[in-house]
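S.K.: Before we start, here is the structure in question, set down as structure tokens.
The values are calculated or read from the model by the stated rules, or taken from the named source; none is laboratory data. Everything quoted here is computed from the prediction, not taken from an experiment. Cβ coordinates were reconstructed from backbone atoms using ideal geometry, including for glycine residues, and neighbour counts include every protein chain displayed.
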Amino acid sequence: MQNAGSSSKNEPAFLSILGAVIVRPWLWVTALAQAYRLVPRGWWRTSPFLPVPSRDYMEFRLVTQYGGGHGVARGPIRSEDVVAYLQWCRRWSSENQ
């Protein structure tokens, strides 16, 4: 199983997402919790020994969000979608405690 490491084509999206979350301190804890949930258990046992989700899982999540797959290009990751997802996670968590 491959891991979704950082690549040059993902860096602009990552920086955009990071910037969108940084200016919303009320989402920091939610973002960290969601990032933790994406880390596969026992990540330190397999190369590249980084706490990143599997490439297959990320591809599945991105195809379900943006379409594409099976040779069809998917849409770009948008920071406003990530912020909306984190806001939903925060609301859901507070309503279900």
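S.K.: In contact (Cβ under 8 Å) with a residue 24 or more places away in the chain, farther than 21 Å from Glu11 by Cβ and of a type outside the set (Gly, Ala, Ser): does that describe Gln87?
M.R.: Yes.
S.K.: Same structure again: Check Val82 against each of (1) in contact with a Pro (Cβ under 6 Å, 6 or more places away or on another chain); (2) surrounded by 15 or more Cβ atoms within 10 Å (Cβ to Cβ); (3) of a type in the set (Val, Ile, Thr) and name the one condition it does not meet.
M.R.: (1)
S.K.: Among the residues of segment 30-64, which ones are touching a Cys at 6+ places or on another chain (Cβ under 8 Å) and among the β-branched types (Val, Ile, Thr)?
M.R.: Thr30 - this is the single residue of segment 30-64 that is touching a Cys at 6+ places or on another chain (Cβ under 8 Å) and among the β-branched types (Val, Ile, Thr).
S.K.: So, in segment 49-79, how many residues would count as being more than 26 Å from Ser93 (Cβ to Cβ) and touching a Gly at 6+ places or on another chain (Cβ under 6 Å)?
M.R.: Total satisfying the criteria: 1.
S.K.: For Gly5, work out the one condition from (1) at pLDDT 85 or above; (2) among the small types (Gly, Ala, Ser); (3) assigned to a loop (DSSP other than H, G, I, E, B) it doesn't fulfil.
M.R.: Evaluating Gly5 over (1) at pLDDT 85 or above; (2) among the small types (Gly, Ala, Ser); (3) assigned to a loop (DSSP other than H, G, I, E, B) leaves (1) as the failure.
S.K.: Just a yes or no: is a residue in segment 47-65 under 22 Å from Trp26 (Cα atoms) and loosely packed, with under 12 Cβ neighbours inside 10 Å?
M.R.: No, there is no match, as no residue in segment 47-65 is under 22 Å from Trp26 (Cα atoms) and loosely packed, with under 12 Cβ neighbours inside 10 Å.
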